[in-house]
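Throughout, read-outs are computed from the coordinates displayed, never taken from laboratory work. Remember, predicted model here, so these are calculated numbers, not experimental data.
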Amino acid sequence: MYNYIIGNITEINPNFVCLENSGIGYKIITPNPYSFKLNDKLTMYLYQKVTDDSINLYGFKTLLTRELFIKLISVNGIGPKSANAILASGSVISITKAIEEGNAKYLQKFPGIGPKASQQIILDLKGKIDFEDTSVKTVNIIEVEEALKALGYNGKEIRRILPKLESDKSTSELIKDALALMLK
C-alpha cells in the first residue's frame, strides 16, 4: 500500500524508528535503526506486512535494499526478522554476490541463519536477483543518484554528471567526485 514516506526521524529504538510526516509518527521497523540520526529528514522506502494479528511497516534507505528484503522474505523459512538481520549486517552488494556465488558460509554469519537456511536462500534466489544489473558499477551509480537527490539536486543536473564518473570507485568516492562536478 505504501511506497515511501518523506519525514523526520523523531525517535530511535533498538528495533524501529519513528518517522514523522504531517504530524503523524510512523513506527517503522528497519534493519539498523542506529544508522539514522534524530531530526534527519529523509525518504524511507516501505514494505507493509499484514498478518492476522498485526500490521507492520518495514523501512529502508534505498530501493535496492527494499527489493532484496522482499526477495529474502520470499524464501521458505526466512521471515522479516531474519531478512532484517541479514540486511543490518551486510551490504546489498555483498549479500547478492554471496547468493550468486553460492557462498553459504558468508550467509551463515548472520544471526539466525544456519546451514539449512543459507542453502535455501541460495537455492531459491541464485540467478533471480537481477535489479536490472547487480554489478557494483550499477549499484554505486544508483546510490550516488539517490544521495544527490537527497541533497536537493534535480534529475537534469544529476544526469549531466553521471556519465563523467569513474564507476570502479566506492560509493563514497563517487559521491565526492559527483559533488565536485556539480560545483563546476
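Which residues' amide hydrogens lie under 5 Å from the amide hydrogen of TYR26, considering only partners 5 or more residues apart or on another chain, with H built in the peptide plane?
The list, which skips near neighbours in sequence, is LEU19, GLU20, ASN21.
How big is D for the stretch 136-183, in µm² s⁻¹ as a whole number, if Stokes-Einstein is applied with the Kirkwood radius of its Cα pairs at 4 °C and 1.567 mPa s?
Approximately 126 µm²/s, per Stokes-Einstein.
Please turn the phi angles of the stretch 14-26 into ³J(HN,Hα) values with the Karplus equation 6.51 cos²θ - 1.76 cosθ + 1.60 (θ = phi - 60°), one per residue in order, whole Hz, x for glycine and proline.
Each residue of the stretch 14-26 in turn: x, 10, 7, 10, 10, 10, 8, 9, 6, x, 10, x, 9 Hz.
Suppose the Debye formula is applied to equal point scatterers at every Cα of the stretch 63-125; what is log10 I(q)/I(0) at q = 0.18 Å⁻¹?
With one equal scatterer per Cα and no solvent, log10 I(q)/I(0) is -0.50.
What value, in deg cm²/dmol to 500, does the helix sum -39500 (n - 2.57) over DSSP H runs of n ≥ 4 give at 222 nm once divided by the residues of the chain?
Mean residue ellipticity, 222 nm, calculated: -13000 deg cm²/dmol.
Using 0.36 nm times the number of residues separating ASN56 and ALA88, minus their current alpha carbon distance, what extension gain do you get?
Length difference between fully extended and current span is 9.7 nm.
For a quick check, take a GNM of the chain with Cα springs below 10 Å and name the residue from LEU72, LEU162, LEU19 with the largest mean-square fluctuation.
Highest fluctuation among the options: LEU162.
How large is log10 I(q)/I(0) at q = 0.19 Å⁻¹ when the Debye formula is applied to the Cα atoms of the chain, each weighted equally and without solvent?
-1.32
Any of LYS61/LYS109; LYS27/LYS156; LYS37/LYS149; LYS61/LYS81; LYS49/LYS116 with alpha carbons more than 28 Å apart? Name them for me.
The answer is LYS27/LYS156.
Percent of Cα-Cα pairs more than 20 Å apart in the stretch 11-79, please.
29 percent
Using amide H atoms built in the peptide plane, which far-off residues or other-chain residues are under 5 Å from TYR4 H to H?
Placed amide hydrogens put LEU46 under 5 Å from TYR4.
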